[in-house]
Amino acid sequence: MNLSAVTNRRIINSFLLFHLVLMISWSLPVNSLLVAAVKGVMAPYAWKMGLFQDWSMFAPHPPHDNTYINAEITYGDGQIRVWEFPQMQDLGYIDRYFKERYRKWSNERLRVEENSILWPDAARYIARLNSNEFNPPRLVKLIRYWSPIPPMGQPTQSEHWQRQVYFTYAVKSGDLL
């Protein structure tokens, strides 16, 4: 084996080891000093690459609401169309595997106020996806929906979905290129 093959093998092994440590440390639900230190160093990379893990679905503080978002697109002729992010209950098992990240990104990141910097880009993306040269989108509204989840032991009531338009974007012609 020549020197470059050994170097390449070391680079590949380092890459794999780094990602293995990242995934294991990020998936552990414990917060020891060592795990916290590893997460602190790797967090920027994990977030940018979509390799982060969040245990918010589980105890001690699970979510208190069912949530989802969609977009309402108003076209030049006044026609209104609703565009939805993938909803897992509407997809087959294979599609769920590939589209879960979109659902997670929209429900856990895009809908929250702290990430409002993402809203204009998301609206432009939705406008481009739904562009029609003869009837272009003129307005995109991001809408969040939520329904409370009753605490365990309390009777379940029929779901009552609340709706809030949380961002409205006026589409510019340059946005559709």
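The values are calculated or read from the model by the stated rules, or taken from the named source; none is laboratory data. This one's a predicted model, so the numbers in the text were calculated from it and none came from an experiment. Cβ sites come from the backbone with ideal geometry, for glycine too, and all protein chains shown count toward neighbours.
The table below gives the values:
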{"read-out": "Number of the condition not met by Asp121 [criteria: (1) surrounded by fewer than 16 Cβ atoms within 10 Å (Cβ to Cβ); (2) touching a Ser or Thr at 6+ places or on another chain (Cβ under 7 Å)]", "value": "(2)"}
{"read-out": "Within the range 136-158, tally of residues that are of a type outside the set (A, V, I, L, M, F, W, C), over 18 Å from the mean Cα position of the chain (by Cα) and surrounded by 14 or more Cβ atoms within 10 Å (Cβ to Cβ)", "value": "4"}
{"read-out": "Qualifying residue in the range 70-91 (condition: among the acidic types (Asp, Glu) and touching a strand residue (DSSP E or B) at 6+ places or on another chain (Cβ under 6 Å))", "value": "yes"}
{"read-out": "Check on Tyr125, within 28 Å of Gly50 (Cα to Cα) and in a strand (DSSP E or B)", "value": "no"}
{"read-out": "Which listed residue is of a type outside the set (Val, Ile, Thr), at pLDDT 90 or above and either under 21 Å from Arg109 (Cα atoms) or surrounded by fewer than 14 Cβ atoms within 10 Å (Cβ to Cβ) (or both), from Gly40, Gly76", "value": "Gly76"}
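One line per residue, one yes/no per condition, for (1) under 18 Å from Tyr68 (Cβ atoms); (2) more than 13 Å from the chain's Cα centre (by Cα):
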position: Ile80; (1), (2): no, yes
position: Asp90; (1), (2): yes, yes
position: Arg96; (1), (2): yes, yes
position: Arg101; (1), (2): yes, no
position: Glu108; (1), (2): yes, no
position: Tyr125; (1), (2): yes, yes
position: Phe134; (1), (2): no, yes
position: His160; (1), (2): yes, yes
